[in-house]
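The values are calculated or read from the model by the stated rules, or taken from the named source; none is laboratory data. This one's a predicted model, so the numbers in the text were calculated from it and none came from an experiment. Methodologically, a virtual Cβ is constructed for each residue, glycine included, from the backbone with ideal geometry; neighbour enumeration extends over all protein chains shown. With ligands, DNA and RNA removed, areas are computed over all heavy atoms of the protein, side chains included. Shrake-Rupley method; radii C 1.70, N 1.55, O 1.52, S 1.80 Å.
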Amino acid sequence: MSQKVRELYEQFPYPLRDPGQEKDRLLMPPIDTLSRVNHYCFGGTKEFDATFRALVAGGGTGDSMIWLAEQLRDVGGSVTYLEPSAASTKVARARAEARGLSNVTYVNQTISEFARSKPEPFDYINCAGVLHHLEDPEEGLRDLTSVLKADGAMGIMVYGEHGRLAVTEWRKMIEPLLEGKDLQQQLAMTRTLLSALPEDNMLLKMGGGPGFIKGLLENDPEIVDLLLHPVECAYDVHGVYDFASSAGLHVAAFTGFFGFGGTGKAHYKIDNLVRDPAILRELVAKPLRDQQAFCERFSGAMPLHAFYLTREDKSQTAEMLPDAELAPYFFVPPNKTFFDDLVALAGQPVLIEDGSGNAVDLTGGPDLARLLAVFDGKKTVAELVAILRDEILDTQPIDMNSIAINTLGAVWALFHKFDWMLSSKPGGWQKTDGERTLSVRKI
Ligand SMILES: C[S@@+](CC[C@H](N)C(=O)[O-])C[C@H]1O[C@@H](n2cnc3c(N)ncnc32)[C@H](O)[C@@H]1O
């Protein structure tokens, strides 16, 4: 770790957090939500118990550490928070103490120092916004892999090359002015420039307008991290796959990361972006990573990539209807009137939405509400197929089993698109999303 980077995070612990706010709200980085980790990385079969060990590498001021430790506290699982910056650790520790979390171990080291100490390996490693700041990110990823259990998984976030072009351009612009100035002087100059941006400046477009710049001007660590970092690189989708394979790992799935709306997994699916059937046909014939790479440049909205890595390739299974012995469940729970509304609006086009901008439109038949009501997290896919075949679709004259499987597959695809449904073993880890609920609205 270079001296400059070390000093940067001592001066500006990242992200800006006030331990006093812990009593008012719990931040839940979506990448570390264990229901998601279970579905995408462990095929829904992980036991989250006292043996479960999570590592947060480059934990900053503690967002991921807090969320993981909160989820694991009742089952006795533990979190190791690894962070070389003493100033960041101070904030993270104060936050954990404010919440009464006692399942965290604090380690004041870099990733490579920690890996050399050969700790007992981990089930899940979070490393968000860190590897792209290392002199040798591939070495960093190999170090993390060396402390990962054989069936373990990682949740990684790195900068996205294409969606970050505005920053790259800004840095090219400002580079000649940085020489000979210390970080405080660089920051002061950057603040002056940001306060009076021409209206066509790319940074304004990247952040969605003046609100983004106003937010930046109230957050010095964000300005420093975004625009003045001495060591950084960025990845496009192919770069992410190559990065993963440099450590012998596979991309299990892309996922969401808070702060930037354009990075949820739905944005990596071409059928969400391309409507033209002929072009779509051509695209779906390409390998998955080519499809996702197309999405990155077509949408232009991915300043970062958040993704899960595993040793075994799980990418094909995560999106398909789960195996017969797994139980799909509503990760985003339906609101109180959801099923009644579906029945009342049967046969009419409706929008199902989760309150955060994600929606699917469909026209449900009279039995859609009945079908959705049987996804209770206890019934397996095999049992759901049987119910569908024998009780709900029982008036069709042909091969009921395949109709039932296809129908279930179609319903799963719709409800898995935004992680509204995930899967686990029946009665397994099925904690629901604490932020969203599903509602139905007539179009
Ligand atoms: C941009 S912050 C991200 C913090 C946190 N992961 C998050 O997402 O909020 C990067 C963090 O990585 C830490 N870091 C930088 N180089 C590191 C290294 N070689 N090993 C471990 N942590 C490192 C920094 O001290 C800093 O706290």
Can you give the charge dipole size of the chain about its Cα centre, rounded to the nearest 20 debye, using +1 on the beta carbon of Lys and Arg and -1 on the beta carbon of Asp and Glu? 380 debye
Counting DSSP beta bridges with both partners in region 327-442, what percentage is antiparallel, nearest 5? 95 percent
According to the square roots a ≥ b ≥ c of the eigenvalues of the Cα gyration tensor, what is the shape class of region 225-335, taking rounded for a/c under 1.5, prolate for a/b larger than b/c otherwise, and oblate for the remainder? rounded
Using alpha carbons only, how many degrees (0 to 90, rounded to 10) separate the axis of helix 183-195 from the longest principal axis of the chain? 60 degrees
With all protein chains present, the chain has a carbon and sulfur share of its accessible area (1.4 Å probe) in percent of 53 percent
Report the longest stretch of the chain that contains none of the GluC sites (Glu not before Pro) sitting in a DSSP loop with at most 15 other Cβ atoms within 10 Å. 326-434
Contact order relative to length of the chain, as percent, for alpha carbon pairs under 8 angstrom and 6 or more apart: 18 percent
Inter-part gap, Cα centre of region 340-378 to Cα centre of region 1-78, in whole angstrom, is 34 Å
Can you tell me the accessible area per residue over the chain, all protein chains present, probe 1.4 angstrom, in square angstrom? 45 Å²
Can you pull out the trypsin sites (Lys or Arg not before Pro) in region 341-409 that DSSP calls coil and that have at most 14 other Cβ atoms within 10 Å? LYS378
What's the extension gain from GLU47 to ASP276 if we count 0.36 nm per residue and subtract their Cα-Cα distance? 78.1 nm
Using only the alpha-carbon atoms, how far is helix 137-146 inclined from the longest principal axis of the chain? Give it as 0 to 90 degrees, nearest 10. 60 degrees
With a ≥ b ≥ c the root eigenvalues of the C-alpha gyration tensor of region 327-439, is it rounded (a/c under 1.5), prolate (a/b larger than b/c) or oblate? oblate
At what distance in angstrom do the alpha carbon centres of region 115-154 and region 186-246 lie from each other? 26 Å
Count the DSSP beta bridges whose two residues both fall in the chain, then state the antiparallel fraction as a percent rounded to the nearest 5. 55 percent
Report, in debye and to the nearest 20, how large the dipole of region 165-227 comes out about its Cα centre when Lys and Arg carry +1 and Asp and Glu carry -1 on their Cβ. 100 debye
Would you list, by chain and number, the lysines whose Cα falls below 24 Å from the Cα of LYS431, excluding same-chain residues fewer than 8 positions away? LYS23, LYS46, LYS149, LYS265, LYS314, LYS336, LYS378, LYS379, LYS417
Where does helix 86-98 land angle-wise versus the long Cα axis of the chain, in degrees 0 to 90, nearest 10? 40 degrees
Top mean-square fluctuation among PRO277, PRO121, PRO210, Gaussian network model of the chain, C-alpha springs under 10 Å? PRO277
Contact order normalised by residue count of region 327-442, Cα under 8 Å, 6+ apart, percent: 48 percent
Name the most mobile residue of GLY160, GLY207, GLY180, meaning the one with the largest mean-square fluctuation, in a Gaussian network model of the chain with Cα contacts below 10 Å. GLY180
Only helices counted: for the chain, with every DSSP H run of 4 or more residues adding -39500 (n - 2.57) and the sum spread over all residues, [θ] at 222 nm is -11500 deg cm²/dmol
